[in-house]
Structure formats: structure tokens, C-alpha cells
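Q: So that we are looking at the same thing, I have put the structure below in C-alpha cells.
Only the coordinates and a few stated rules stand behind these numbers; no lab work does. Predicted model, so just to flag it, every value in this text is computed and none were measured. Counting neighbours? That spans all protein chains shown, and the Cβs are built from the backbone with ideal geometry, glycine included.
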Amino acid sequence: NAATGELPNGGFRFHENGADLGGMCVLGTFSQWIVISENACVPIDEDLSFEVAALVACGVTTGWGSSVYAAGVRPGETVVVFGTGGVGMNAVQGASYAGAKNLIAIDPVPFKREMAGKFGATFTTGDPAEATEKVIELTRGQMADKVVITIGVMEPQVLEQAVAMVGKGGTVVVTSVSSSGDPTFVLNGSPVTGWHKRIQGSLFGGANPLYDMPRLLSLYKAGDLKLDELITRRYGLDDINQGYEDMLAGRNIRGVLIHEHD
């Protein structure tokens, strides 16, 4: 039902000119008020703000889980993260928390690279070729243990670069979604087979909402997870289009929509 927005018990709660409208992922959180299944609700502590708690509903948990669960980052490993936006910055946080020794973040936006250092990255660059050289230097040619791809739209050359960056037995986690226009990727299978490399898809980081959301919020309250620092800008509902423009232009790590209720 996530694609159509139809509620689990059937029917829709949004309508326009007599037509049913589906809420995004059966939620539709741009609306001031929504009707959802109780199974989509996760209780939070009363002292947590909604704008902070909202971050773990998707981006934080997806990024964190991509490193911790899908990639299975372990202490001492070398990890590369492609893209440090609302998802990727949390892949950096997750890899750092899991104990990555060398943590390389790749992003074309300078301020995101600067922020990645504050979230745990040990080296940042906007150039995948430079990242590859750094991996070779740090690992003495053994290459990375894990690469996590969290760019906005998946591109064939990024997957090729990621597979080349991991060493024997390494894992490439694909969290990004391919373009609907051309979703086909072509890879040389010999290095994948010969070096026992693994390409792992990741949806929501492999996390469990009812378990991981409260867990991440508890880490935030303990000072072990950065959430406030993710919020670059706040928007009212009237400014939602500006929020999208800022996201597409790479101006935000995370933009938050603030609802005002009378």
C-alpha cells in the first residue's frame, strides 16, 4: 500500500473533487492532520520535540541501518560513504558508532563535507578518484571493507566506483534509488566473483521501526547521536516548495516542516 497510499483496512482519507488521494507511504505527513493505522505509530518520550523525533522516521534510521545492519560495519574497518545528505550523514554516524577506523565521506557540496567531519568522517572529498587513492594509502592496497551508497539518484558509474573500492570479501550497500528512466546497471562480474565481493540492497537500512526508532532516540538523549545538528532549515507549510528547491540544490542536510496548530 505504500505506493498507492491506501490504508491497511481499505479506503483513503484524502480526497479532492471526489477523487481518492493516497498519502505518501500511507502517511501523508505534509497534511496538518492525518488518519493512519495504529501500526504506523511509534510512541516517544514527552520531553522530545516532534521536529527531532521526525528525523528518525526515515532518513536517520535508513542511513544508520545501512551502515550498522546492511553493511555490518565492525570496529577497525575502513568504510566509504557516497553522499552525505539526510540519509548519508547518518550512514557516517552509524559507521562511526560501529567503530570504523577509517571513514571516508564523498560529497560534491563543500558544507556537507565539512559537516561530515563533525559526524565522524576521518577524511572527506568531492572526488571519488581521490577517495580511492586515500583508501589505497590507508589500507596498503587492501581496499575498503564496506562502501555505502546514499546519493540522491543512483548512477551506474557510482556503483562501478564503489565495487572497485572494496577489497576481497567487501560489501557494497546500495541504499540509493535508480532513475525511473534508465534503471539498468552493467558491471564486470569477474572482480565480484573472483574477490568474493557482495552487493547488498538496503530498504530502511534493514531496521525495525518499533525497535530502532526508540533506540536511536535514546542514543540521542544520551549524547551519542547527533540529531539537532542535522537540521539546516525549518519551513512552514507555505514554504514547502522552497524546501524542495533547497533540497535539490544541496543546501540542506535536513529540512524540517513545522506545522502550526490553532
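Q: Could you name the aspartates and glutamates in cross-link range of residue 134, using Cα to Cα under 16 Å and dropping any fewer than eight places away on the same chain?
A: Cα-Cα hits under 16 Å: 77, 107, 145.
Q: If packing is taken as the mean number of other Cβ atoms within 10 Å per residue, what is the order of 87-95, 122-130, highest first?
A: Ranked by mean Cβ neighbours within 10 Å, highest first: 87-95, 122-130.
Q: Based on the inverse mean of 1/r over its pairs of different Cα atoms, what is the Kirkwood hydrodynamic radius of the stretch 63-206, in Å?
A: Result for the stretch 63-206 stands at 14.5 Å.
Q: Further question on the same structure: Can you give the helix-only mean residue ellipticity at 222 nm for the chain, where every DSSP H stretch with n ≥ 4 adds -39500 (n - 2.57) and the sum goes over all residues, rounded to the nearest 500 deg cm²/dmol?
A: -8500 deg cm²/dmol
Q: Of the listed peptides 177-187, 23-33, 103-113, 210-220, what is their order by residue-averaged count of other C-beta atoms within 10 Å, with the highest listed first?
A: Most protected by this proxy first, the peptides run 103-113, 210-220, 23-33, 177-187.
Q: Please report the spacing between the Cα centers of the stretch 216-257 and the stretch 138-215 in Å, no decimals.
A: Each part reduced to its Cα centre gives a spacing of 25 Å.
Q: Now for a different question. Give a quick list of GluC sites (Glu not before Pro) in the stretch 15-58 that DSSP marks as loop, anything other than H, G, I, E or B, with at most 16 other Cβ atoms within 10 Å.
A: 46
Q: List, in order, the whole-Hz ³J(HN,Hα) value for each residue of the stretch 68-76 obtained from phi through the Karplus relation with A = 6.51, B = -1.76, C = 1.60 and θ = phi - 60°; use x for Gly and Pro.
A: 6, 9, 5, 7, x, 4, 10, x, x
Q: Order these peptides, 229-236, 168-175, by their mean beta-carbon neighbour count within 10 angstrom, highest first.
A: Final packing ranking: 168-175, 229-236.
Q: Taking amide H positions as placed 1.01 Å from N in the peptide plane, with prolines and chain starts having none, which residues 5 or more places from residue 103, or on another chain, fall under 5 Å of its amide H?
A: Here 79, 122, 123 satisfy the definition.
Q: For the chain, with only Lys/Arg (+1) and Asp/Glu (-1) charged at the beta-carbon, what is the dipole magnitude about the Cα centre, in debye rounded to 20?
A: Roughly 1160 debye, rounded to the nearest 20.
Q: Something else: Taking amide H positions as placed 1.01 Å from N in the peptide plane, with prolines and chain starts having none, which residues 5 or more places from residue 126, or on another chain, fall under 5 Å of its amide H?
A: Excluding prolines and chain starts, which carry no amide H, the hits are 107.
Q: In the stretch 23-135, what is the volume of the convex hull around the alpha carbon atoms, normalised per residue and reported in Å³?
A: Given the Cα convex hull of the stretch 23-135, per-residue volume reads 136 Å³.
Q: In this model, which of 101/221; 112/168; 197/226; 118/197; 112/146 are farther than 23 Å apart at the alpha-carbon?
A: Those over the limit are 101/221; 112/168; 197/226; 118/197.
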